[in-house]
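Here is the structure we will look at.
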Amino acid sequence: MTLGARILKTGIAIVLALFLAQLLNAPTPVFAGISAIFAIQPTVYRSYLSIIEQVQGNIIGAIIAVIFVLSFGNNVFIIGLAAIIVITINLKLGLEKTITLSVVTLIAIMESPTDDFITFAIIRFSTVMLGILSSSIVNLIFLPPKYENKLYNQISDMSEEITKWIRLNIRHASEHSLLKNDIDKMSDRLMKIDQLYILYKEERNYFKKTTLLKTRKLVIYRQMIATLKKSFQTLKKIHRYENELLSLPEYFQNIIQQQLDCLIHHHEHVMLKFIGKVKPHVIFEEGSISLDRNMLFQELMQYYKETESLVHENEEELKQYHMMQIVSAIIEYDENVEHLDTLITSIQVHHNHEAEVTIEE
C-alpha cells in the first residue's frame, strides 16, 4: 500500500484540528480530530461541496441534540431516538454523506450535559466545526491534487496494453486464457479511468484563459476515453471470435491484420501528438497502406458474396454475423481515432497548446 496524497492530507488535517482545538482550549479536542477525517476530499471542488454539506449536517445534529436534551434529558434511549431522527432528516434532505458527522455531533453534545448546557452545546458544535475548517484549509493549501498527469498516463498505459494484445491476437500468438484474465482486469481499469476523468473535471481554474483551455482539454480527454473504449471493444471482439478469424480466407485475414496494424499506429501517433512528441501538421501514413473504412467494408461485402452459396448453412451464417461485428468494431475504433486526431490538431494549432503532462517512467 502506497502513501497517497489523501492519506497524508488526512494526517495533516487531524494534526491541524487537534492543534487549533488545544490552542483555543477546547475541552474535548478529540471531536475536532474526528470531524477532520470526514471532510477530507480528493478535489478542491468536492471540498467546497463537502464544507456546505458537513456544516448542514453538523447544524442538524446540534439542533436535535439541544431540543432532545432540553425536552427529554440524555437517557441512552433518548440519545438513540434522537440519532434515528437525525438520520431520517439527513436522508430526507439528501445529505446522506453527512449522516456520520451529524450523529457524532449529536452524541458529543448529548453525552454529558452540564448546568450551562447551551454554552456546552455551542462549544462542542464549534469544536466539530473546527475539524471541518482544518480539513478545508488542508484541501486548499497542502498538496492540491493534479489529476491530468495521472489521467493521461493511465489512458496511455492502457492503450499500449490493449494494442499489444491486439497485435498478438490478430497474429494468433496470444494465450486465450491469459488474455481473458487481462480483459477482466482492464474492465476494472476503465471504470477507474472514468472516475479519474470526473476528478479532473471537478478541478477548478481561477483564470479565464486557463478555464477556456481546460474546457477544450476536457473534450479531448473525453474523446481519448471513448477511443480507448472502442479499442477495448475491438480487442474483445477479435478475442471472442478468434476461431472464426482463423477459418477466414488468408487474404481476408491479411486485410484485417493490415487495417488493425495501421489503426493502432495511428492511435499511438495521436497520443504522442497530444504531448508534443509529434508535430501537429504531420499527416499519418504507413507506407502504401492507409486507413480506409470503405475498402474494409467492401472487402467484407466481397467475402459475403463469395460465401453466399454456403449461407444456408448455420455455421457459415453465424461466421458472417461475427465478422460483421469485428469489422464494425474496427470501423468505430477508426472513426474515434480520427476524431481524436482532429481535436488534438485543433487545440495545438489554434490555441498554441503545450501539454502539461509528465510521462511516467
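The values are calculated or read from the model by the stated rules, or taken from the named source; none is laboratory data. This structure is a prediction, so every number in the text was calculated from the model and none was measured. Ideal geometry is used to build each Cβ from the backbone, glycine not excepted, and the neighbour counts take in all protein chains shown. Calculation scope for accessible area: heavy atoms of the full protein, side chains included, ligands and nucleic acids excluded. Shrake-Rupley method; radii C 1.70, N 1.55, O 1.52, S 1.80 Å.
Leaving ligands and nucleic acids out of the surface, order Y333, Y45 by accessible area at 1.4 Å, largest first.
Final ranking, largest accessible area leading: Y45, Y333.
Using only Cα coordinates, the Kirkwood hydrodynamic radius of segment 61-143 works out to 13.4 Å.
Holding the Cα-Cα limit at 22 Å, pick out from K164/K185; K214/K277; K146/K192; K192/K217; K9/K185 the pairs that are longer than that. The pairs that break the limit, which is 22 Å between Cα atoms, are K9/K185. Across segment 30-110, C-alpha contacts under 8 Å between residues 6 or more apart give a mean separation that, scaled by the residue count, equals a relative contact order of 39 percent.
Sorting the segments 174-181, 158-165 by their mean number of nearby beta carbons within 10 angstrom, highest to lowest, gives 158-165, 174-181.
Compactness of segment 138-191 was expressed as the Cα radius of gyration divided by 2.2 N^0.38 Å, which yields 1.62.
Divided by 2.2 N^0.38 Å, where N counts the residues, the Cα radius of gyration of segment 204-276 comes to 1.61. For segment 262-273, backbone phi angles converted through the Karplus equation (6.51, -1.76, 1.60; θ = phi - 60°) give residue-by-residue couplings of 5, 5, 4, 4, 4, 4, 4, 4, 5, 4, 6, 4 Hz, Gly and Pro being listed as x. Ranking E244, E111, E250 from most to least accessible surface, computed with a 1.4 Å probe over the protein chains only, gives E250, E111, E244.
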